[in-house]
Amino acid sequence: MKSSQITVLFVVSEVYPLVKTGGLADVAGALPQALAPEGVRVVTLIPGYPSVLDTLSDVETVHTFEDLFDGPAQLLHGRANGLEIIAIDAPHLYRRPGSPYHGPDGKDWPDNAVRFGALSLVAAQIGAGQIAMLTPDVLHAHDWQGGLAGAYLRYGGFERRARTVMTVHNLAFQGLFPASVMNQLKLPPQAFSIEGVEFHGEVGFLKAGLALSDRITTVSPTYAAEIRTPEFGMGLDGLLRVRTERLSGILNGIDETVWNPATDPLIAANFDARRMAPRIANKAVLKRKMKLEATDTLLFGVISRLSWQKGLDMLVPVLPTLLATGAQLVVLGTGERALQQAFADAARIHNGRVGCVIGYDEELAHLIQAGADALLMPSRYEPCGLPQLCALRYGTLPIVSQVGGLADTVIDLNEMAIAEGAGTGVQFAPTAGMLEAAILRTTALWRNQRVWRRAQRNAMRTDVSWRRSAKRYAQLYRELLADRRK
Ligand code: ADP
Ligand code: GLC
């Protein structure tokens, strides 16, 4: 028997399939459903971007603000894809085309402080029990966009205060704004302090969340350890060391209904760990689509944002080695212009051996997972990473740098692991030299198909679901609430 139900308000700026720029959306889209069997009801508070308002069903207006940062706003309660959502419909803040964070010119919206200040303020008011329809036990903010929720709650003079959790999905994005936004944000002057929202003379949304939340989590145990160090701490390691007792790492999972090779409608042939033969058909279709030679050779895949974090610039100089082994490469990604160009050039120069699609393409991502033999993720840092989890599920061996969630989810096929019949992929230190060595090691493993097949089966049997982690979050919420009762 489960003890009484807990109500949690997720405060987040992306939720798959309503709006997505990265893995945060996948997490926010899947974790609530995994928490339901643990006795946790999640309601998700999200800005009312056009795509959010277009997708909500069973919509009901539950609150009206005459003035939310210089314009009227409504809270719309609705459902989408099995999720319970409250969208902030504030046309002056959110009804804009394109990305949630920047305009068509690629520059951040100039009023982002207020746009996400509003998200945080509304969260705090709900957490304080001021909005009739919902009184959550816990406010759970994700990344910097919800970072000020704890500050509004702390400095708002409320009688009731929900407990607060701040989850870091990426410490690089901190929501830093000049001190002058303090006036616009309607926070009292005393909030601009070392204990509050101030960070090196600026207002730091994420810093505020880290300083003021009851608990901090991040998305893997290794990243939780890494961010306490200057090397990975992005200037926040000092604060995180002070708050070490409050910080923990809980691994992400993936939505097993979206990523299931046995039922996936986006791939050419379905398969599972017991019947892997149809996998070959996916490889053939993928190769045709990417105009690769049909030779039976090791096929590496990449599905990624093309940014410094993901380390793919290290792959470019190593490409000649990869091709010299006879292997092929497919790349699906968008991001930095120079990297897009580098991979597009490689596809042109190595016509038939390297394929490249610049863009965001969910269907192709599924086909790569089902048809490539190995998935490369040479990230310099990786809070968790999701493609390696999908790869495990599809029997595509992840070749990953040994950082963050990559270190926590892939078992290296070293000598001992092979001898024991264990191992699911390859790990390496995040340098170009070690990436090159890892590619050579992968090629050698590929030549031993008995070992490779065993690793594929191990990979496909790995539990990459949300089940274990949902239990951890539920336990964290329960501990927090028990603390209050003490
Ligand atoms: P991040 O959020 O840092 O980009 P994650 O590994 O957490 O990294 O999540 C990335 C998500 O985006 C995964 O679901 C991955 O499959 C998807 N993805 C990344 N790039 C592309 C792309 N070009 N096309 C389709 N899906 C992509
Ligand atoms: C961030 C991280 C990624 C993580 C995702 C979801 O975008 O870069 O590693 O998987 O958040 O938590």
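Once you have a ≥ b ≥ c as the square roots of the Cα gyration tensor eigenvalues for segment 81-225, tell me rounded if a/c is under 1.5, and otherwise prolate or oblate according to whether a/b is larger than b/c. The shape class here is rounded.
Relative to its Kirkwood radius, the Cα radius of gyration of segment 277-461 gives an Rg/Rh of 0.92.
The residues of segment 277-461 present an accessible area of 39 Å² per residue when probed at 1.4 Å with all protein chains retained. Reducing segment 244-310 and segment 112-179 to their Cα centroids gives an inter-centroid distance of 36 Å.
When each of the peptides 247-256, 404-413 is scored by the mean number of other C-beta atoms lying within 10 Å of its residues, the order from highest to lowest reads 404-413, 247-256. Which stretch or stretches of segment 85-120 have amide N atoms under 13 Å from the point lying 7 Å from Gln74's Cα along the Cα→Cβ direction? Residues 87-91 qualify, since their backbone N sits under 13 Å from the label point.
What a 1.4 Å probe finds exposed on the chain is 53% carbon and sulfur by accessible area, rounded to a whole percent. You can think of it this way: the chain between Glu479 and Asp296 has 60.5 nm of extra reach, that is 0.36 nm per residue less the Cα-Cα gap.
Rounded, prolate or oblate: pick one for segment 98-143, where a ≥ b ≥ c are the square roots of the eigenvalues of its C-alpha gyration tensor, a/c under 1.5 means rounded, and failing that, prolate if a/b is larger than b/c, else oblate. Prolate, since a/c reaches 1.5 and a/b exceeds b/c. Roughly what % of Cα-Cα distances in the chain sit above 29 Å, to the whole percent? The answer is 50 percent, as a whole percent.
Annotation for segment 183-255: GluC sites (Glu not before Pro) lying in DSSP loop with at most 10 further Cβ atoms inside 10 Å of their Cβ are Glu231. Could you give me the percent of Cα pairs per 10 Å distance bin for segment 28-136, shortest bin first, beginning at zero and ending with the bin that holds the maximum distance? All Cα pairs, binned at 10 Å, distribute as 14, 44, 34, 8, 0 percent. Think of a 1.4 Å ball rolled over the protein heavy atoms: segment 82-184 then has 36 Å² of accessible area per residue. A simple spin-label model places pseudo-atoms 7 Å from Cα toward Cβ; at Arg288 and Asn448 they are separated by 3.5 nm. Under 5 Å from the amide H of Thr164 lie the amide H atoms of Leu139, Asp214, Arg215, each residue being 5 or more positions distant or on a separate chain, with H modelled from the backbone and absent for Pro and chain starts.
Taking 8 Å as the Cα distance limit and 6 or more residues as the minimum spacing, I'd like the relative contact order of the chain as a percentage. Normalised by residue count, the contact order of the chain is 12 percent. The simple spin-label model puts a point 7 Å past each Cα toward its Cβ; for Val242 and Glu362 those points are separated by 4.2 nm.
The values are calculated or read from the model by the stated rules, or taken from the named source; none is laboratory data. Model, not experiment: these values are computed from the prediction. Reconstructed Cβ throughout: ideal geometry from the backbone, glycine too, with neighbour counts over all protein chains shown. These area figures cover heavy atoms from the full protein model, side chains too; ligands, DNA and RNA do not enter into them. Shrake-Rupley method; radii C 1.70, N 1.55, O 1.52, S 1.80 Å.
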